[in-house]
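What follows is a single structure, written as structure tokens, with notes after it.
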Amino acid sequence: MNFNIEIPHSIDELVLTLNKFKNKNYRIGAGCTDLLMELKNNSASNLTIINISQVDDFNFNNVKLSNGNVDIGANTTAFKICENENILENYKTLHEAALNLASAQIRQVATIGGNICTASPSGDLICALMALKAQLYIKNSLGENREISILDFYKGVRKTDLKHGEFLSHLSLNSNNKNAFKTKSGFIKIGTRKSMECSVVSLAYHIQIDKKGNIIETGLAFGASAPIVKYATRACDFLIGKKIDSLSKTEIDTFAKLVVEYASPIDDIRATAWYRKQVLFNISKSILEKNIEK
Amino acid sequence: MVKIKGTNKYKISFLLNQTKVEVIVKASAILLDVLREDLNLTGTKPGCNEGECGACTVLINGAAVNSCLYLAVNADGKEITTIEGLVNNESELDPIQNTLIENGAVQCGFCTSGMVMSIKSLQNYYISKNKSAKTKIAPTNQEIKKWLEGNLCRCTGYVKIIEAAEKLLTEKV
Amino acid sequence: MGELNKLKVIGTPVPKHDGKIRASGKAVYGHDIKLKDMLYGAILRTEHPCATIEKIDISKALKLKGVECIITAKDIDVNNIGYKRDHPILKSNEVNCERDEIAAVAAQTKEIAIKALQLIKVKYKVKKGIFDPFEALDLNSPKINSFNSGKFDNKNIAEVFKYSHGNIEEEKSKSKVHIKRRFTLPRVTHACLGTSNISAQYDKISGKLLLYSSTQVPFLYQRDMAHALKMNPSDIRVIQPVIGGGFGSKLDMYPFEPICALLSIKTGKPVQIIYSRKEEFLASPTRQPMIIDISCGADKNGSFTYRDIKIIKDNGAYTSWGATTPFVIMQAFSSLYKVAACNFEATAVYTNNVFAGSFRGYGNPQATFALERMIDLLADELKMSKSEIRLKNANFKGEITGQGLHYDTCGHKECLETVINKSNFNKSTKKSKEGRYKKGIGLASMLHVGGGAKIYRSDGCGTTVKIDPYGYCTVISGSNEIGQGSETVLAMIASEELGISLEKIKIINTDTDIKPWDVGVHASRTSFVAGNSLLGAINLLKIKLNKKAKELLDSKNDDFNYENGCIIDNTEDKSINLDKVVREMHFSEPNELAIASYFYEPSSQFQDKEFKGNVSGSYAFASQAIEVEVDTYTGNVNILNVYVAQDVGKVLNPLLLDGQIHGGILQGIGYAVSEEMIYKNGILQNPNFHNYKLLTASDIPQIHFFPIETNDKQGPYGAKGVGEAPLIPTAAAIANAVCDALEVEFLELPLTPERVLKAFNNKKKLIHEF
């Protein structure tokens, strides 16, 4: 493994560094947990890592509340996300996704920006953030800003909308409806073991219900069953206006089938396409079934 | 941190087991290799070099991290503790180490350094949590298991390790 | 030996003797060795599992700065390795499996060594490999291993074991039920946390070779190494650094070890080879995969009548100890539960897969899985309870089995009864028809050697014990420590017998130049064999010490007690310090050393040509009842409770015993539900911890352990071997539990979520077409 490294210490320095390297072969590394694994396996020549982990900027490295939004800096570690009480209370699916990411050691260094931009089809945080319809904020090497919904961010297997010279600065959550009386939010991760798994199937859901028990907002995404993490629009729409406590078995089945319609999994070493679809169907049902807890 | 002119190397300095060290490393150097090869601290073990087994776990600013997936340059200015740093000035082992030994939680020992460091980080986490709490709390059995999920052990079946951690952390947080 | 009811140290939870060294990071593993001027070795392996090598070009690699030596087959004068001598250390004309070694480099740094490997160009002519043993048996298939001796009628058969007792046909006619099945057992690996390693240091002037090796059989290894390198065994000194896990993986010598020695011999400098994790997965031996065809029967009362077994083992391209697992497998089939007749045939077939070695249990987990599944099926067919059928057929004290095993003590029935009661086995069969999660419980037993295994002409172990003039004791044992705790047990025995406190006892066991001969760590033999050997040495030493004490105390007795560092004459209320006695031995005439040596050979027999004979000094039994909960939405098997009762003879150290039980059970659970080496055309698809799934701390069940003490008079203080037993019945009990939960059947392991879900959906006709 052999590469050069650039270590900006502020957002401004990061912008300048990107400007300097915009025509060169570089990779941005935050926690570097995925990147180092990739480079250990096949080392590219003349590569520069723009190591952003030493950028000293509170907003870039932390979760904060602003005008009712939860803003999460791209360099926020999975550990910090697990620890944030606001996320635990209001966006439980993200809390659970972060808590089940790899191991305690990895969660100390792996960042939310890294997870988003690595664009793995099984990215757990991506999955939760899609269910929450997070808004991503991007900066370029000239210091210009733009924003994009995470639902529009993924363009193919490990391909994102991020252009050369751009970086993710933060993301914002504001998916909670003011009429929501309660929220059914969670993250289901399927793998052989209870820990250390790369999801074989994952499902993030965030369903908001009003005082009368009507479903008023839904967000549902799944991972590891398509080239990118998928948002299941039709399944979400299907639920709107229905009463959460009186869904029929047929309705639940219809819902689960609508989710699976978005799946186009492959057979790989972890599971077959058959398995992924069956399980996706089953766990989609499970979030609406009563007594899903043991 | 200073880049050595005309090279791809950096002079970094950090607090290693309470002692300031300076070392010149390649930009792509990994902390595990720097600890084992350059600083001769071989107590930190190379189990997989891919962040899956936790044998190389060290503390960075008190928190457990896989040193095999950590860029050495990012250690600059930080406080790093390895298994060697848990022995105090009187050459006594840390209570975590003694509790593991007394509870039969050490077999081949290759995972032990990493296990000890992970338990230490959990202890640190609870000590700091308890500083601002009205009543002291200790981690549950489930939390301990969760905290140790990234440390593989092929000998013990984890039972004694978890028992030891539970015993220790009920008293010492 | 001390009287059992007065034991002070034995039976107590003494922490590991070398615990502080290991827990403080000070222990020196092979990975931590640095020798002056040491070079780093690396091995070039084939790109294709089956090919002819047309050309090897090392010229570019040789020019790389920092490369000191490159060897290929033509550069070395060596013998083939493996017990059948069918394995060339470096391959010259053909490669036959993914791990095959073609060239090796010694360089000044690891990075240079790896870079040099990339510069070696090999031209292959790729051939279609044979990865299925049944295809290899086809007469039209080519010969896979050109060194195969041709002893058998098929050119691709490496080894055949045949055994029988009783009259199968007669027993068949007595049977009310017959069951026939084919079971397929996967390839799994040890995955020791410390990867394989060796450091070799050859001295050109003396012609002596020093090896720092993590072998678990140093004396056999020394002989094998000498044969491979055409050296005199005594010119090879094997030192074992601290070992990062063994489990059987280090029972044979593999090519990387003589390769490292050869690099040192060629360069005259120390050379070190340390496997990467990927290499550890690719190029370590595995558990023996096999296909077991079994038919068996029972009469109307549920008594087992016959077992007819045919096994095909995928031998891989070369032969290591995996081929000999039938020694143990046939024992399970012939002698676990009473059975009137048994026919057994196991054939090892060469393929272009990697080869299997020994792995904790040595074929027994595979055999027990098949046998215990069959017992559940027989019970179902007879409409008998699964506990009753087992109790009815359980082994008993005094039994001499069809194979000639003598059960002088036997805790089988007690083990079964214990786990049946503790797990509420007979009451927990009510099942809910509805619901996502389904519970089940399964039962299985096992039989394993508990007093060594006489598979070589000797199953012995030597010990020298000495006491120094300061009252400290040194035990020089032929046995060795691979993490299991043998040093602790030996120190406890010495402390018990000599009345010397534990911290004054030193164990020397890592150097073939010093320690007496021993067969090595295998067959759960170390506590039994090395323990008895130490007791023998202490008895001899006590004769000398007693004589001197008698003289110094002016005592009329010949029998003394050893306590608190003193030799005590209880009848006359006199005592003398042990260190003083030793000093008097040294300094007064006739001057004598306080030292004694003893060679212990178990009373077991070398089996005859029909594999009959009492191969072990004692036999260990165990039963496990395992409760699972299956998620029918995902197929995940959650192991809730493991009830385990094991006939350990006598508990020597409850702390270390627990460790063996817990660790074994978790390995067994891994074998049952998560571990599998996945190959595609001979290429391993999951050579990493990411996809080869070792269980984590989050996955452990509640383990309820009940030791059963049968006090076997052959064992030290009555103890039997315990190391392998805990994992042997685990997969069988789990499979039985999952079958119970879902009312389905499984014919292969592991029970991955996918296999479980598929079986459940098929049964329920839950077919969702998407």
| note | Note: the range C:427-534, point scatterers on Cα, Debye, no solvent; log10 I/I(0) at q = 0.10 Å⁻¹ equals -0.43
| What shape does the range A:123-201 take by its C-alpha gyration tensor, where a ≥ b ≥ c are the square roots of the eigenvalues and a/c under 1.5 counts as rounded, a/b above b/c as prolate, and the rest as oblate? | oblate
| What is chain A by shape, rounded, prolate or oblate, if you read a ≥ b ≥ c off the alpha carbon gyration tensor as root eigenvalues and call it rounded for a/c under 1.5, prolate for a/b larger than b/c, and oblate otherwise? | prolate
| said: Connecting C-alpha atoms closer than 10 Å in a GNM of chain A, tell me which of A:Lys184, A:Lys40, A:Lys249 has the biggest fluctuation. | reply: A:Lys40
| remark: Taking only the alpha-carbon positions of the range C:301-436 as identical scatterers, the Debye log10 I(q)/I(0) at q = 0.09 Å⁻¹ comes out as -0.35
| Residues of B:60-71, mean number of Cβ from any other protein chain within 10 Å of their own Cβ, rounded to a whole number? | 6
| How about the range C:405-490: which trypsin sites (Lys or Arg not before Pro) there lie in a loop by DSSP and see at most 10 other Cβ atoms within 10 Å? | C:Lys427, C:Lys430, C:Lys433, C:Arg457
| message | Just to confirm the filter: which chymotrypsin sites (Phe, Trp or Tyr not before Pro) across the range C:574-640 are DSSP coil and have at most 14 other Cβ within 10 angstrom of their Cβ? | response | C:Phe606
| note | For the range A:4-52, the Debye formula with one identical point scatterer on each Cα and no solvent gives log10 I(q)/I(0) at q = 0.25, 0.31 Å⁻¹ as -0.94, -1.22
| query | All other residues with a Cβ under 9 Å from the Cβ of B:Thr112 taken together, and with Lys, Arg as +1 and Asp, Glu as -1, what is their net charge? | reply | +2
| field | Cleavage-rule hits, chymotrypsin sites (Phe, Trp or Tyr not before Pro), the range C:429-482, DSSP coil, Cβ neighbours within 10 Å at most 10 | value | C:Tyr470
| Order of C:Phe134, A:Phe21 - criterion: other Cβ atoms within 10 Å of each residue's Cβ, fewest first | C:Phe134, A:Phe21
| query | Structure shown: which of C:Lys397/C:Lys506; C:Lys504/C:Lys544; C:Lys300/C:Lys427 lie over 29 Å apart, alpha-carbon to alpha-carbon? | reply | C:Lys397/C:Lys506
| field | Given chain C, longest segment not containing exposed loop GluC sites (Glu not before Pro) (DSSP; at most 10 other Cβ within 10 Å) | value | C:4-433
| note | Exposure proxy check on C:Thr215, C:Thr634: fewest-to-most Cβ neighbours within 10 Å is C:Thr634, C:Thr215
| task | Treating cross-link reach as a plain straight distance, find the lysines whose alpha-carbon is under 25 Å from the alpha-carbon of A:Lys155, omitting any fewer than eight places away in the same chain. | result | A:Lys22, A:Lys24, A:Lys133, A:Lys139, A:Lys163, A:Lys189, A:Lys230, A:Lys257, A:Lys277
| said: Can you compute the helix-only [θ] at 222 nm over chain A? Use -39500 (n - 2.57) per DSSP H run of at least 4 residues, normalise by all residues, nearest 500 deg cm²/dmol. | reply: -9000 deg cm²/dmol
| said: What does the charge count around B:Lys146 come to, taking other residues whose C-beta lies under 11 Å from its C-beta (Lys +1, Arg +1, Asp -1, Glu -1)? | reply: +1
| remark: Final fewest-first order of C:Met374, C:Met384 on the 10 Å Cβ neighbour count is C:Met384, C:Met374
| Relative contact order (percent) for the range B:95-171, with alpha-carbon contacts under 8 angstrom and 6 or more residues of separation? | 51
| message | For the range B:95-171, what is the number of Lys pairs with C-alpha distance below 15 angstrom, counting only pairs 8 or more positions apart or on separate chains? | response | 6
| note | At 4 °C and 1.567 mPa s, the Stokes-Einstein diffusion coefficient in µm²/s for the range B:1-151, with hydrodynamic radius from the Kirkwood sum on alpha carbon pairs, is 79
| field | Viscosity 0.890 mPa s, 25 °C: Kirkwood-radius Stokes-Einstein D of the range B:95-171 over Cα pairs, µm²/s | value | 196
| query | Given that compact globular proteins tend to follow 2.2 N^0.38 Å, what is the ratio of the alpha-carbon Rg of the range C:231-278 to that value? | reply | 1.29
| query | Who wins for biggest fluctuation among A:Leu125, A:Leu220, A:Leu99 in a Gaussian network model of chain A, springs between alpha carbons below 10 Å? | reply | A:Leu99
| message | Report the Rg/Rh value for chain C, based on alpha-carbon coordinates and the Kirkwood definition of Rh. | response | 0.99
| task | Could you work out the longest stretch of chain A that avoids the GluC sites (Glu not before Pro) located in DSSP loops with at most 11 other Cβ atoms within 10 Å? | result | A:145-292
| remark: For the protein assembly as shown, the percent of all C-alpha pairs falling in each 10 Å bin, from 0 up to the bin holding the max distance, is 2, 9, 16, 21, 21, 16, 9, 4, 1, 0, 0
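None of the figures in this text is laboratory data; all of them are computed from the coordinates on show. No experiment lies behind these values; they were computed from the predicted model shown. Cβ atoms come from the backbone with ideal geometry, glycine included; neighbour counts cover every protein chain shown.
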